[in-house]
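Have a look at the structure below, then the notes.
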Amino acid sequence: MGGGVEAISVEVTGVAAEVGTVAELGAEVSRQLGRAVPHDGYMLTGLDPLTRGMCLYTRRHGYGSPAARRLLSDDRLKADAFSYESLATGPCRVGVIDARAARHRHSGWVNEVMAGEGVGSELRIALADGRSLWGALALLRGTGGRPFSAAEAACAERLTGALVGSLRRFVTGRPLQSFRLERPPGIVVVRPDGTSASATESASEWGAEFTGGPAHACAGEFQSLLWATAYLAPRIGGTALTRVPLAGGWAALQAQPLRGAGPDAMAVTVRPTTGTELLPAMAAWHGLTPREQAVVETALEGMSAKQIARRLGVSPYTVNDHLKAIYRKTGVSAREELIARLAR
């Protein structure tokens, strides 16, 4: 099992550089993980590390959209099962919910959601490390299958680092720039149940950029991201922002309450990110230190290395060392290229 886990770790990390869409990433991660932990379906999500908005989503034979929304929005059900937040901060990143286990027999999640979806066992993996909760992966088995075992949960725990690495590698492989195609922002009015009440024509064009794959493989992906961002807005008491990595660059989902469109309706705007919005997300995903991020921020103001050094209270040599580290982490070759990518 140990050698198998090591081989799977290498493969899971490597596939992120070979796939082009979120749906392909989910399929490959599922295929590799299935060698050690067989499953019937999965749901893979990625989170904006700054706002916890859902920035990636794909599934196959996973929970339907209404059930997935209940997991996020129903506080009673969240308290009833392993939450990804509790797994991310706890001693173990993996939790198993078994419909036949005595401890879960009276669970609302088991009886109200899993039973209705034909799921008998669910293995949850918080894709977290010491820096952030980057996403989540749920593996599912049908009611007729055997539950996930303690050995399988332990195996999944050992693979968590590779899964985090794969997700981050996929995101950092997207172009480090705001979405470049000239297209007007899209606006979607999202109801509390996750459906769209209305949308601009440009919103449909944006939707194609978000899925980036066959409709059957990306069903509900764009709509799920819209709803997840809309869900955040009233809970933070204002405007919610999610930065999404696309094949053509980074886009922003921005949700705010919409008056006169029914109770709790939200207007979600889809547009390219600004440089100011992209920088902190780039710093998080690429692993920049706070001082390296400060160097980029001052470089975007047009300061020279000497001016940056004076601003930050360090030597110009230290600034140049920080810039070299930034180039290595982000894959850019020069300061001019970095500024051009972030200045929008």
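Throughout, read-outs are computed from the coordinates displayed, never taken from laboratory work. From a predicted model like this one, the values you see are computed outputs, not experimental measurements. Glycine gets a Cβ as well: all are built from the backbone with ideal geometry, and neighbour counts include every protein chain shown.
Annotation note: GluC sites (Glu not before Pro) in the stretch 299-344 located in DSSP loop regions with a Cβ neighbour count of at most 15 within 10 Å are GLU301. If you take the square roots of the eigenvalues of the alpha-carbon gyration tensor of the chain and sort them as a ≥ b ≥ c, do you get rounded (a/c under 1.5), prolate (a/b over b/c) or oblate? Oblate, since a/c reaches 1.5 and b/c is not below a/b. Of the residues SER121, THR21, GLY4, the one whose Cα sits farthest toward the positive end of the charge dipole of the stretch 2-172, with +1 on the Cβ of Lys and Arg and -1 on the Cβ of Asp and Glu, is SER121.
For the chain, what's the relative contact order in percent, using C-alpha pairs closer than 8 Å and at least 6 residues apart? Provide the component values of the computation, followed by the final result.
Numbers: 608 pairs, mean separation 56.8, N = 344.
Answer for the chain is 17 percent.
Each Lys or Arg adds one and each Asp or Glu takes one away; over the other residues whose Cβ falls under 15 Å from the Cβ of MET266, this sums to +2. At q = 0.12, 0.13, 0.28 Å⁻¹ the log10 of I(q)/I(0) for the stretch 288-342 amounts to -0.21, -0.25, -1.24, computed by Debye summation with a single uniform scatterer per C-alpha, solvent ignored.
Counting only Cα atoms, the stretch 250-344 measures 58, 25, 20 Å along its principal axes, largest extent leading.
Please give the net charge around TRP206, taking every other residue with its beta carbon less than 13 angstrom from that of TRP206, where Lys and Arg add +1 and Asp and Glu add -1. If you can, show how the numbers build up before the last one.
Numbers: positive: ARG183, ARG271; negative: GLU182, GLU201, GLU205, GLU209, GLU221.
Every neighbour counted, the sum reads -3.
To two decimal places, what compactness ratio does the stretch 82-231 give when its Cα radius of gyration is scaled by 2.2 N^0.38 Å? Intermediate results must be reported in sequence, preceding the final value.
Values: Rg = 18.6 Å, N = 150, 2.2 N^0.38 = 14.8 Å.
My calculation over the Cα atoms of the stretch 82-231 gives 1.26.
Can you give me the Cα centroid spacing of the stretch 1-75 and the stretch 163-186 in angstrom? Here the two parts' Cα centres lie 17 Å apart. When a/c reaches 1.5 or more, the comparison of a/b and b/c decides; with that in mind, is the stretch 2-172 rounded, prolate or oblate per its Cα gyration tensor? Taking the square roots of the gyration eigenvalues as a ≥ b ≥ c, the stretch 2-172 is prolate. Relative to the 2.2 N^0.38 Å rule of thumb, the stretch 186-273 has a C-alpha radius of gyration ratio of 1.02.
On a 0 to 90 degree scale, rounded to 10, what angle separates helix 221-236 from the longest Cα axis of the chain? Roughly 80 degrees between the two axes.
Report relative contact order for the stretch 288-342 in percent, whole number only (criteria: Cα-Cα under 8 Å, sequence separation at least 6). Walk me through the numbers before you get to the answer.
Details: 33 pairs, mean separation 19.1, N = 55.
Here the relative contact order equals 35 percent.
Computed about its Cα centre, the charge dipole of the stretch 186-273 is approximately 280 debye, with only Lys, Arg, Asp and Glu carrying charge at their Cβ.
Taking every alpha-carbon pair under 8 Å whose residues sit at least 6 apart, the stretch 186-273 reaches a relative contact order of 31 percent. Candidates LEU253, MET43, ALA208 compared by Cα position along the dipole of the chain: farthest toward the positive end lies LEU253, with charges placed on Cβ.
Quick one: dipole size for the stretch 2-172, taken about the Cα centre, charges +1 on Lys/Arg Cβ and -1 on Asp/Glu Cβ, in debye to the nearest 20.
Working: 20 positive and 18 negative charges, 43 e Å.
Its charge dipole is roughly 200 debye.
Based on the mean of other beta carbon atoms within 10 Å per residue, what is the order of 221-230, 97-106, most packed first?
So the order, starting with the most tightly packed, is 221-230, 97-106.
Placing pseudo-labels 7 Å out from each Cα toward the beta carbon at ARG310 and ALA88 gives an inter-label distance of 4.1 nm.
Put simply, the amide H of ARG35, placed in the peptide plane, has no neighbours under 5 Å, leaving out anything fewer than 5 places away on its chain.
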